[in-house]
Amino acid sequence: MKKALLLAAALAVTTSASAAGKLEIFSWWSGDEGPALEALIKLYKQKYPAVTVDNATVSGGAGTNAKAVLKTRMLGGTPPDSFQAHAGQELIGTWVVAGRMEDLSSLFKSEGWDKVFPKDLVKLISQGGKPWSVPVNVHRSNVMWYNPAKLKAWGVTAPKTWPEFLKTCSTLKAKGVAAPLVVGENWTQQHLWESVMIGTLGSANWENLWAGKLKFTDPKVVGAFTTFGKVMDCANKDASGLSWQQASDRIIDGTSAFNVMGDWAAGYFTTTKKLAPNTGFGWAPAPGTTKTFVMLADSFGLPKGAKDRAEAINWLKVLGSKAGQDAFNPLKGSIAARTDSDLSKYNTYSKSAAADWKSNKIVGSMVHGAVAPESFTSAFGAIIDQFVASKNSAAAAAAAQQLAVRAGISK
Ligand code: GAL
């Protein structure tokens, strides 16, 4: 108790003392992904005009490149003042267990965040009863995007199950659409895999996989790999050379009919491409996942040894605030992590996501750090690459099971 009070006092002193200075924030939100973060930085600068903000970004979807750079910096003892990490095992299983992060309990207390963030989300960013990062948003991973005018012209609708998807795929191929589904580089294929798994196995089995209660070698899972292989047969052959944005472009220009991607795609369609929800782009839950919301959340933490600690704490305060979340999320395609956000600031897509977030079954994303540790996620890409080349479901399932054992997920 005494220790907690002392810590709270230390935080209070350092935050109020910061009038000028520097702040380095680290993320993978550059280029098309940048505007939401810039809106947040603008808000920070309004409050702390004397602070110079270094917006350090390492581009590359899903943080594949940024996470490697972060690792070098953390291990080299030169952490950024605050960095982006997915809520869940990505942060907890690496930097928190390694004792590299600061406990944010007193900040959560002073900002009243225990009351405004959903309990389950607080659980996800906590370890040992203490919160370790501040969530700025909630993204949905299981969304299938399409171009409404093109689907109408082709005479098809968004399929509701993966078997139905395969039928629609044949119909579209017969109509001359060479690649009814568009995917991009490796992580976007893992992203698709996740939706095929959940849409085939169901959300309870998905949870069992990560709780070590269902083995990857179970015939159900092997069968879901086979379905994923058939789904990939419906996709473009130049996938590995496409970013997620380039894959999204092929929906807009009508080269392909469907893309499964997180709702940062909604941010891209509206903020970058200036398209309107429902007319410029359409969406549906990924096949087989109606009433399921596969979630992930971006969060920022405070590494031990941050050079500009007081500025970093103020940064966390801004990104956890109502004003911060409502500046960031309408541009990002995500919804606020806070439960008290002003929905009138959000578009039709985000309003529908917010409604589903309240009513759907919530499960966590593997690819985006919620349910599996980084040791699993970072090595899983090789299994997907091998599977896509060989379509050997049994071999992929066995390799995934070995990896799950190594990562401490399964026995
Ligand atoms: C996710 C991240 C999103 C978005 C996406 C594409 O992992 O949570 O905010 O940036 O990658 O890069």
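The values are calculated or read from the model by the stated rules, or taken from the named source; none is laboratory data. Since we're looking at a predicted model, the values are computed, not measured. Here the Cβ is made from the backbone with ideal geometry for all residues, glycine too, and neighbour counts use every protein chain on show. The protein model used for the area step is the full one, side chains on, heavy atoms only, and it has no ligands, DNA or RNA in it. Shrake-Rupley method; radii C 1.70, N 1.55, O 1.52, S 1.80 Å.
Checking the stated criteria, LEU296 turns out to be touching a His at 6+ places or on another chain (Cβ under 9 Å), at pLDDT 95 or above, aliphatic (A, V, I, L, M) and buried (at least 24 other Cβ atoms within 10 Å of the Cβ).
Scanning the range 242-282 for residues that are away from the ligand (no atom under 16 Å from the Cβ), open to solvent by 10 Å² or more (accessible area, probe 1.4 Å) and within 21 Å of VAL231 (Cβ to Cβ) yields a total of 3.
Taking the range 13-97 and the strands (runs of 3 or more DSSP E) fully enclosed by it, the elements with 2 or more residues that are more than 16 Å from the ligand (Cβ to nearest atom), open to solvent by 60 Å² or more (accessible area, probe 1.4 Å) and over 18 Å from THR272 (Cβ atoms) are at 51-57. Only one of the numbered conditions (1) within 16 Å of the ligand (Cβ to nearest atom); (2) open to solvent by 50 Å² or more (accessible area, probe 1.4 Å); (3) within 27 Å of SER390 (Cβ to Cβ) is violated by LYS230, and that is (1).
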